[in-house]
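What follows draws every value from the coordinates through simple rules; no lab data is involved. Bear in mind that the values here come from a model prediction, so they are computed numbers and not experimental data. Cβ sites come from the backbone with ideal geometry, for glycine too, and all protein chains shown count toward neighbours.
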Amino acid sequence: MEKKDIKSLDLRELTEELTAIGEKRFRATQMYDWMHVKLARSFDEMTNLPAAFREKLKEEYEYTSLSVEDVQTSSIDGTKKFLFGLKDKNVVESVWMQYKHGNSVCISSQVGCRMGCRFCASTLDGLERNLTPSEMLDQIYLITRLTGERVSNVVVMGTGEPMDNFDNILKFIELLTDENGLNISQRNVTVSTCGIVPRIRELADHRLQITLALSLHATTDEKRQKLMPIANKYHLDELMDAVDYYFEKTGRRLTFEYSLVGGVNDTEEDARELIGLAKKRNCHINLIPVNPIKERDYVQSDKERIEAFKARLEKAGVNATVRREMGRDIDGACGQLRRKHIHSEE
Ligand code: SAH
């Protein structure tokens, strides 16, 4: 039988679990603190637990603890890209970025992805499996241990579609923002989605204070469908209704991600249409110069075009930033490091 994943339990569940096997309630608080505050890597680190109890834990429970398979550090900006190993030998990528306002970690939510966005390296091999809440948390915990620095922002923008792993994402956010754990503010958590409409609405109903980022990338269904297969399933009007619903329920300003692809979605007309969408809502536009992957022939818009696109938005009173290209020298684009790793072993 598969062992229970103890690091994915919240404090209430952990307390129930441990009292059911005859332990005192305070053991749950102690263990929760070891797992989610002290960031212990194993049961053996939990030195104030009796040795016999630790042995019992090892027999009965799975303790998620990722292994470090590779680390690349950018010589340009200090960004670190980690390749972490999971217990089933799969690997996932996480990125650590330093900003003036604090350290930010970008985590993966799935091993691979089945969304098929045309410009994205994470989806080229399809979906392997969902990540558990503890496997998502441990990307942050292990980076905190390795860098020795507190993580203040978490973005779920690595490999995977978080809305395709919905229940685990909710549990992950609950544990990450728990005051008994790392206690990261919900406001410092961003979840990015390609636009799975029913899940956006469901997330809105939870009324969390996290930021929703929508990967928009195009302003007409026709153009969006060329870049993102999900656009065939959910059309822009229902997608915009869903993000408006998210704003209505949470009051959180929306983020629209717009990856600029040379000659595809970077014209004056594209900017005008984007302004049309953005002016109606409380939102911020995050322009991302597309990071070319060798399997596809998409190219980046040139610098002047990117600046002109941004200037048009700003002139119309739309809030826009061009995402700094962190770690360009270290397999920067989503899924590139993992892909390099798995294909080097073939
Ligand atoms: N599945 C989620 C989150 C992962 S991708 C989503 O679709 O939002 C995070 C962001 O990076 C998305 O906006 C995605 O479209 C974008 N992205 C992926 N590959 C890219 C590339 N090669 N260049 C620029 N942006 C890319």
Checklist line | Centre separation in Å (Cα based) which lies between the range 38-53 and the range 178-256 | finding: 39
Notebook entry, point to check: Roughly what would the spin-label model give for residue 90 and residue 237, points 7 Å off Cα along C-beta, in nm?
Noted result: 3.8
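Once Rh for the range 237-326 is found with the Kirkwood sum over Cα pairs, what is the Stokes-Einstein diffusion coefficient at 20 °C and 1.002 mPa s, in µm²/s?
Rounded to a whole number, D works out at 155 µm²/s.
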Notebook entry, point to check: Using the beta-carbon distance between residue 12 and residue 279 and R0 = 51 Å, what value does 1/(1 + (r/R0)^6) give for FRET efficiency, to the nearest 0.05?
Noted result: 0.70
Margin query: Suppose each label sits 7 Å from its Cα in the direction of the beta carbon; what would the residue 303-residue 272 distance come out to in nanometres?
Written below: 2.9
Checklist line | Equivalent ellipsoid semi-axes - Cα gyration tensor, the range 274-322, angstrom | finding: 24, 12, 8
Note to self: Ratio of alpha-carbon Rg to the 2.2 N^0.38 Å globular estimate for the range 156-275, to two decimals, please.
What the structure shows: 1.11
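Based only on Cα atoms, what Rg/Rh ratio does the range 4-62 have, Rh being taken as Kirkwood's radius? Display every interim value, and only then the final one.
Working: Rg = 10.2 Å, Rh = 11.3 Å.
Reported Rg/Rh, Kirkwood definition of Rh: 0.90.
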Margin query: Can you divide the C-alpha Rg of the chain by 2.2 N^0.38 Å and report the result to two decimal places?
Written below: 1.03
Next item on the list: Report the equivalent ellipsoid semi-axes for the range 67-215 in whole Å, largest first, defined as the square roots of five times the eigenvalues of the gyration tensor built from alpha carbon atoms.
Entry: 22, 20, 15
Next item on the list: Using Cα positions and a limit of under 18 Å, work out the lysines in reach of residue 294, with same-chain residues fewer than 8 apart set aside.
Entry: 340
Notebook entry, point to check: Residue farthest toward the positive end of the dipole of the range 4-62, with Cβ of Lys/Arg at +1 and Asp/Glu at -1: which of 49, 35, 8?
Noted result: 49
Margin query: To make sure I understand, if each residue's beta carbon is the centre and we count other beta carbons within 10 Å, what order do 259, 65 fall in, fewest to most?
Written below: 65, 259
Note to self: Can you compute the helix-only [θ] at 222 nm over the chain? Use -39500 (n - 2.57) per DSSP H run of at least 4 residues, normalise by all residues, nearest 500 deg cm²/dmol.
What the structure shows: -11000 deg cm²/dmol
Check: Normalised by the residues of the range 67-344, what does the relative contact order come to in percent, with Cα pairs under 8 Å and at least six apart?
Finding: 18
Note to self: Between 218, 20, 316, where does the largest GNM mean-square fluctuation fall for the chain, given springs only between Cα atoms within less than 10 Å?
What the structure shows: 20
Next item on the list: Could you check what % of the DSSP bridge pairs in the range 67-344 are antiparallel, to the nearest 5?
Entry: 50
Next item on the list: With just the Cα atoms of the range 1-118, tell me how far they stretch along each of the three principal axes, in Å, largest first.
Entry: 52, 34, 23
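Give me the net charge for the shell around residue 25: Cβ to Cβ below 15 angstrom, other residues only, Lys and Arg +1, Asp and Glu -1. Working shown, then result.
Details: positive: 12, 24, 27; negative: 10, 13, 16, 17, 23, 33.
With Lys, Arg at +1 and Asp, Glu at -1, the neighbours total -3.
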Checklist line | Proxy reagent accessibility, fewest Cβ within 10 Å first, across 32, 99 | finding: 99, 32
Notebook entry, point to check: So how strong a dipole does the range 64-161 carry about its Cα centre when Lys and Arg Cβ are +1 and Asp and Glu Cβ are -1, to the nearest 20 debye?
Noted result: 160
Check: Relative to the longest principal Cα axis of the chain, at what angle does helix 236-250 sit, 0 to 90 degrees, rounded to 10?
Finding: 50
Checklist line | Rg and Dmax [Cα atoms of the range 187-258; Å; Rg one decimal, Dmax integer] | finding: 11.7, 34
Margin query: Give me P(r) over the range 77-156, computed from all C-alpha to C-alpha distances, binned every 5 Å, as integer percentages.
Written below: 3, 14, 26, 23, 16, 12, 5, 1
